[in-house]
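Encoded as structure tokens, the structure appears first; notes follow it.
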Amino acid sequence: MRLGFITGGQLARMMLQALVPLRHDMRVRVLDGSAECPCTGLVDEIVVGKSTDFGAVYEFGKDCDVIILEFEHVNIEALERLQAEGKRILCHPADLRIIQDKGLQKQFLVENHIPTAEFRLVQSKAEVSEPELPAVLKTRTQGYDGGGVRKVTSATELDAAFDAPSVVEACVDIATEYSLILGRDAQGQTFRYPVAEQEFHPDAHLVHFIAAPAELKPAVAEQIERIGDQILAAFAETGMWAVELFLTTGGAVLVNEIAPRVHNRGH
Ligand code: ADP
């Protein structure tokens, strides 16, 4: 079997460790922007190319039987074409289309009755008015690791913020942030890992500390359990999903966002 990872970062490296017992009949390749990625030296081949480039993803995928994404910003048209040609792709490209766009993802959460912070979609920040603030501005596409997320509390901060099609989200009073990792295997068996708790860096918007399993009050555990069921019902394919959750100071659990893969909030 020819297995391809897009891309070859720390998450792919950890998946490789889990794959060691299976490697005897597997050829493992990686597509990454750098020949010096964390998978270097551990796989049969590193192909240097951009994951957002149609040609790079398609040419790489043609020589794979199974493609695993450790990163969601991958050219979706190339993945759809590869899938149409019989390649197995985790996550499923139809799910990835929704998840890649934070606006579509928020609408998907609402359509599936999954609790999430109030929001609206804007084409540019000119559509955001002062009475809406404070709010959290999130670029619809290409934002990750805090890059496309900005809390805006005043008109001055709005002026300084990025300008792009965005989700304008109500500012949540967060008591704690949690993550839930869910999966479904090729036989349709679903599974979930213990809930983990995160502490965030207040300015960088990046995870600072993780504790697992989280200590949860029964009312919180029940809400997370229900959200897990809803997400597994909404995504019917084989795959893994990392669900980022907020516990509000009022005791409600909201989904912040879903990543279609393993996640540094859960390893
Ligand atoms: P990224 O896609 O960059 O990971 P997130 O949407 O996960 O962006 O946001 C990063 C962090 O920003 C969250 O974990 C949280 O700490 C903070 N944040 C995001 N949305 C809100 C919100 N609506 N209210 C308050 N804080 C938020």
Original post:
How much solvent-accessible surface does Tyr193 expose, in Å² to the nearest 10, with a 1.4 Å probe and all protein chains in place?
Top reply: 110
**OP:** Using only Cα atoms, find the angle between the long axis of helix 102-111 and the longest principal axis of the chain, and express it within 0 to 90 degrees, rounded to the nearest 10.
**Re:** 80
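Quick one: grab the alpha carbon gyration tensor of region 6-68, order the square roots of its eigenvalues as a ≥ b ≥ c, and give me rounded if a/c is under 1.5, else prolate or oblate depending on whether a/b is larger than b/c.
Working: a/c = 2.08, a/b = 1.39, b/c = 1.50.
In terms of gyration-tensor shape, oblate.
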Original post:
So which residue, out of Glu80, Glu215, Glu237, gets the largest mean-square fluctuation from a GNM of the chain using Cα contacts under 10 Å as springs?
Top reply: Glu215
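At a Förster distance of 30 Å, what's the computed FRET efficiency of Glu132 paired with Asp53, Cβ-Cβ distance as r, to 0.05?
Working: r = 37 Å, r/R0 = 1.22.
For Glu132 and Asp53, the calculated efficiency is 0.25.
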Subject >> Average accessible area per residue (Å²) across region 1-77 - probe 1.4 Å, nucleic acids and ligands excluded >> reply: 46
**OP:** Run the quick spin-label model on Thr249 and Glu77: label points 7 Å from Cα toward the beta carbon, then report their separation in nm to one decimal.
**Re:** 4.7
Original post:
For the chain, what is the charge dipole size about the Cα centre, in debye to the nearest 20, if Lys and Arg each add +1 at the Cβ and Asp and Glu each add -1 at the Cβ?
Top reply: 560
Original post:
What is the spread of the Cα atoms of the chain along each of their three principal axes, largest first, in whole Å?
Top reply: 58, 43, 32
**OP:** Enter the accessible area of Met14 (Å², nearest 10), with the probe set to 1.4 Å and all protein chains included.
**Re:** 60
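Using a 1.4 angstrom probe on heavy atoms only, work out the carbon and sulfur share of the accessible area of the chain in %.
Working: 6700 of 13020 Å².
The nonpolar share, carbon plus sulfur, comes to 51 percent.
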Subject >> Accessible area per residue in Å² at 1.4 Å probe, computed on region 80-127 >> reply: 51
Original post:
Where in region 173-188 is the amide nitrogen less than 12 Å from a point lying 7 Å along the Cα-to-Cβ axis of Met1?
Top reply: 186-187
Subject >> Degrees between helix 218-234 axis and first principal axis of the chain (Cα, 0 to 90, nearest 10) >> reply: 50
Original post:
Do the alpha carbons of any pairs in Lys87/Lys125; Lys87/Lys151; Lys138/Lys217; Lys50/Lys217; Lys62/Lys151; Lys50/Lys125 sit beyond 32 Å of each other, and which pairs?
Top reply: Lys87/Lys125; Lys87/Lys151; Lys50/Lys217; Lys62/Lys151
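For Glu157, Glu72, write out the residues from largest to smallest accessible area, computed with a 1.4 angstrom probe and no ligands counted.
Working: Glu157 75, Glu72 25 Å².
These residues rank, largest area first, as Glu157, Glu72.
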Subject >> Reference-scaled alpha-carbon Rg (2.2 N^0.38 Å with N residues) for region 211-266 >> reply: 1.16
Original post:
Amide H neighbours of Glu257 under 5 Å, counting only residues 5+ apart in sequence or on other chains, H built in-plane at 1.01 Å?
Top reply: Glu244
Subject >> Distant alpha-carbon pairs in region 1-126 (separation over 19 angstrom), percent >> reply: 52
Subject >> Degrees, to the nearest 10: 10-19 long Cα axis against longest axis of the chain >> reply: 50
Original post:
If you take every DSSP beta bridge whose two residues both sit in the chain, what share of them, in percent to the nearest 5, is antiparallel?
Top reply: 70
Original post:
So, in Å, what gap is there between the alpha-carbon centers of region 170-196 and region 95-145?
Top reply: 20
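The values are calculated or read from the model by the stated rules, or taken from the named source; none is laboratory data. Just so we're clear, the structure is a prediction, and the values are computed from it rather than from any experiment. FYI the Cβ positions are ideal-geometry reconstructions off the backbone, even for glycines, and counts take in every protein chain you see. We work out accessible area using only protein heavy atoms, side chains counted, and drop any ligands, DNA or RNA first. Shrake-Rupley method; radii C 1.70, N 1.55, O 1.52, S 1.80 Å.
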